[in-house]
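Participant: Structure incoming, see below.
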Amino acid sequence: MRVKNVCVIGAGTMGGGIASHLANLGIGVTLLDTTVKTAQAGLKRALNAQPPCIYLEDRAAGIRLGGVDEHLAWVSEADWVIEAVYESADVKKALYAQLDPLLAPDTLISTNTSGLPLLELAQGRSPSFRKRFIGTHFFNPPRYLKLLELIPTADTDPEILHSMRELLESQIAKRVVIARDTPGFIANRFGMWSIYAAMHVAEQLQLSVEATDAITGPFIGRPKSGTFRLGDIVGLDVMSAIAQGLIERCPDDPHLSFLQPPKSVMTLLDRGWIGDKSGQGFYRREGREFLALDLTTMAYRPQQEPQLPSLIELAKVPLVERIERALIAKDETGEFLRNYLIPTLQYAEYLRERVSHSAADFDRVMMWGFGWEMGPFALIDALQDSVPRSIARPATPYYQSGNSLGVNHAWVESPIEPEYQGIRDYPEMSRFDGFVTRDLGDSVTAISITTKMGVLSKELIADLTHVIQNHPQGRYVLTSEAKAFSAGFDLEYFNQCIQQNRLEELTLALIDLQQLGELFERTKIVAAIYGHCLGGGLELALSCPTLLAQAETKIGLPEVKVGVIPAGRGTTLMRLNAQSSAKRLAEVAMTLAQGTISTSADHARALGYLRPSDITVYHPDRLITDAKQAALTVKPTMAPEWKSVEGPLAGIIDQALRAGVTSGTLTEYDAVVAERIAHIFAKSTSYEGAITREREEFVSLCEKAFTLARIRHMRETNKPLRN
């Protein structure tokens, strides 16, 4: 099943976000709200959201806006109608009564409710409506969070459930967990409780918001937002409404005390300080700094670095061992985890059969929706004897022989999903200093960078060249196992060459990088990039005949920020890929002059970093699978033929640089560096001349004091110096 046209009803935070996500994917979208004016306001909020909901403004321009008062009949044109109106059963049911006679016989209808009983919402509707009605609980913001809880009712046609799951996973780029039609489903029922529980324990132990966030962040395998910062992001008003709804709909739950609002939350709600959307909550930004709320005085103060011995001592210990040791630590960290983590795992076991079909489904919700490294049941199994007496767990583990524990002690077979395998799931073939090779099957080999942040080194370039030269007929996928594809070439190496006056060695290193790029062009290789793809990493990726970029990849050639120009063929490739007109070349030159980094793969294409033929992979977990498929058919290619362009290119770029300095967009030294880019763009007459000039200009800039200052500042602070 595929959909061409989707109608989203409700232009609030979730409706606008869902409409934007679908538009990002190239689906035709209609967004309805009460009136056209309120629909326009909702889309504007989505465009102005931080982070933004839309990749490119032209995607938003394609969203058709209308009002329920005038245009509700448009739903008859849709393949799928998504209701995302105010979280009120009465409001939703009244809308469904209007929709029922208007929907085409095969139109899908779903609700984005975060926890209202679906069977109750569908009462009074036609049999046709009820069999097509299903819950599609997107997570906010839909652009960034891959989880979707899919909730059927007793009346939902099983074939529609199956088709909807396939649609969501293939076309809508989501990972799906089927949840039970219970209050809050899995995510809000357990996730909301977990957040409030951490806040209650912090208040009881008089732990600061910073200390709590430090403990409940990456230290225990969760996002760095921790607890209180997460509350600000979600919105304290939203959290309070979810918690109150759960209290009302789950009166028999013996663990409801933790869903009562913490004292600090009640105080902030009374003040209207509900988090990021009000400008302040547990944290408040003042200039470039964040102030933190003192939970004792309820006043803001400068943030304080938590002094927690266990966090320092165990920081580099593997996750499970770290938690095991922290649980017995005789400090604030241990005390907090004993009072928070153990009850949280207990509550997960209490809820497991009530809200989910298996332990794996429960764990996936917390990993995919909340960013936990391990779900509660995988964590209990891993902790083994550390918490056995504290949790009323079954006699068997939750995971066993590829299955997970389901309802009534039955085992549920874990699905085999090869299309979602990550690079580490493939067998290792050989290991080098800086990368490994892995067998992707079908005679495709992955070359996977293993350095911190995918940083390139002289040795890595030499070894990679050797591997390709020894097997020139192979098929390859170039990717990474770091947190990002590549942050570029090792800046410390450049610094040492400059400080020790080893400029000839630096030139040779640039030649090696350029030649590896040329070798890639003659090889059946595709690049699979994600996270950040910057500098030398992008130069190599663009040298591959085909490049696949995960949608959220931040892409750029920001060398100007350290006082040099792209010289691994980056400047030359940008010139070749933008030579359709002088105007386009000037735009790309300014992008390089500013060191702009894209906000997405599609944005990178608009900036000129990616070629029209390069592929955006919108599904967050399909990058390697799609890259392998591309590698099976990829053919070697050569860079475009060098062409001269009509018009005064040098003058256009110079005028743009001067305007940038005048407006403050560029510093004087930015313009000095960017002039070297302009020379390559406008004065080079051949590919060979351009790559030679790249190296010469790079080395020349390395002798400038302002460049040395920029490199030193970036190394010391990881921030650019605008000198």
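Participant: If you take the residues in the range 37-52 that are open to solvent by less than 40 Å² (accessible area, probe 1.4 Å) and part of a helix (DSSP H, G or I), which one is farthest from residue 552 (Cα to Cα)?
Facilitator: 39
Participant: Still on this structure, please answer the following. Is it fair to say residue 549 is in contact (Cβ under 8 Å) with a residue 60 or more places away in the chain, surrounded by 21 or more Cβ atoms within 10 Å (Cβ to Cβ) and of a type in the set (A, V, I, L, M)?
Facilitator: In short, yes.
Participant: Could we say that residue 122 is without any contact (Cβ under 8 Å) to a residue 60 or more places away in the chain, open to solvent by less than 10 Å² (accessible area, probe 1.4 Å) and not β-branched (Val, Ile, Thr) here?
Facilitator: yes
Participant: Can you confirm whether the range 62-69 contains a residue that is open to solvent by 40 Å² or more (accessible area, probe 1.4 Å), closer than 28 Å to residue 241 by Cβ, outside any strand (DSSP E or B) and without any contact (Cβ under 8 Å) to a residue 60 or more places away in the chain?
Facilitator: There is at least one residue in the range 62-69 that is open to solvent by 40 Å² or more (accessible area, probe 1.4 Å), closer than 28 Å to residue 241 by Cβ, outside any strand (DSSP E or B) and without any contact (Cβ under 8 Å) to a residue 60 or more places away in the chain.
Participant: Anything in the range 628-676 that is in contact with a Pro (Cβ under 8 Å, 6 or more places away or on another chain) and open to solvent by less than 50 Å² (accessible area, probe 1.4 Å)? List them, or say none.
Facilitator: Selection gives 634 alone.
Participant: If you don't mind, another one. Need the failing condition index for residue 316 against (1) over 29 Å from the mean Cα position of the chain (by Cα); (2) in a loop (DSSP other than H, G, I, E, B), just the number.
Facilitator: Residue 316 satisfies all of (1) over 29 Å from the mean Cα position of the chain (by Cα); (2) in a loop (DSSP other than H, G, I, E, B) except (1).
Participant: Which of the residues belonging to the range 282-333 are over 23 Å from residue 232 (Cβ atoms) and open to solvent by less than 40 Å² (accessible area, probe 1.4 Å)?
Facilitator: Correct list: 310, 314, 317, 319, 320, 322, 323, 326, 327, 329, 331.
Participant: Ok, one more. Within the range 199-234, track down each residue that is open to solvent by less than 40 Å² (accessible area, probe 1.4 Å), of a type in the set (Lys, Arg) and part of a helix (DSSP H, G or I).
Facilitator: Of everything in the range 199-234, nothing turns out to be open to solvent by less than 40 Å² (accessible area, probe 1.4 Å), of a type in the set (Lys, Arg) and part of a helix (DSSP H, G or I).
Participant: Now a separate question. Looking at 483, 458, which one is closer than 21 Å to residue 446 by Cα and either at pLDDT below 95 or of a type in the set (S, T, N, Q) (or both)?
Facilitator: Selected residue: 483, the only one of 483, 458 that is closer than 21 Å to residue 446 by Cα and either at pLDDT below 95 or of a type in the set (S, T, N, Q) (or both).
Participant: Quick one: would you say residue 203 is in contact (Cβ under 8 Å) with a residue 12 or more places away in the chain and over 27 Å from the mean Cα position of the chain (by Cα)?
Facilitator: In short, yes.
Participant: Something else: What pairs come out if I take residues in the range 328-347 that are within 23 Å of residue 375 (Cβ to Cβ) and part of a loop (DSSP other than H, G, I, E, B) and pair them with residues that are open to solvent by 10 Å² or more (accessible area, probe 1.4 Å) and not hydroxyl-bearing (Ser, Thr, Tyr) whose C-beta lies under 8 Å away, six or more apart or interchain?
Facilitator: Cβ pairs passing all conditions: none.
Participant: Is it the case that the range 694-709 has a residue that's closer than 22 Å to residue 591 by Cα, touching a strand residue (DSSP E or B) at 6+ places or on another chain (Cβ under 7 Å) and touching a residue at least 12 places away in the same chain (Cβ under 8 Å)?
Facilitator: No; the residues of the range 694-709 include none that is closer than 22 Å to residue 591 by Cα, touching a strand residue (DSSP E or B) at 6+ places or on another chain (Cβ under 7 Å) and touching a residue at least 12 places away in the same chain (Cβ under 8 Å).
Participant: So, in the range 70-92, exactly how many residues are over 15 Å from residue 39 (Cβ atoms), touching a residue at least 24 places away in the same chain (Cβ under 8 Å) and open to solvent by 70 Å² or more (accessible area, probe 1.4 Å)?
Facilitator: Selection size over the range 70-92: 2.
The values are calculated or read from the model by the stated rules, or taken from the named source; none is laboratory data. Model, not experiment: these values are computed from the prediction. In this analysis, Cβ positions are derived from the backbone assuming ideal geometry, glycine residues included, and neighbour counts consider all displayed protein chains. Side chains are part of the model used for accessible areas, which takes the heavy atoms of the whole protein and leaves out ligands, DNA and RNA. Shrake-Rupley method; radii C 1.70, N 1.55, O 1.52, S 1.80 Å.
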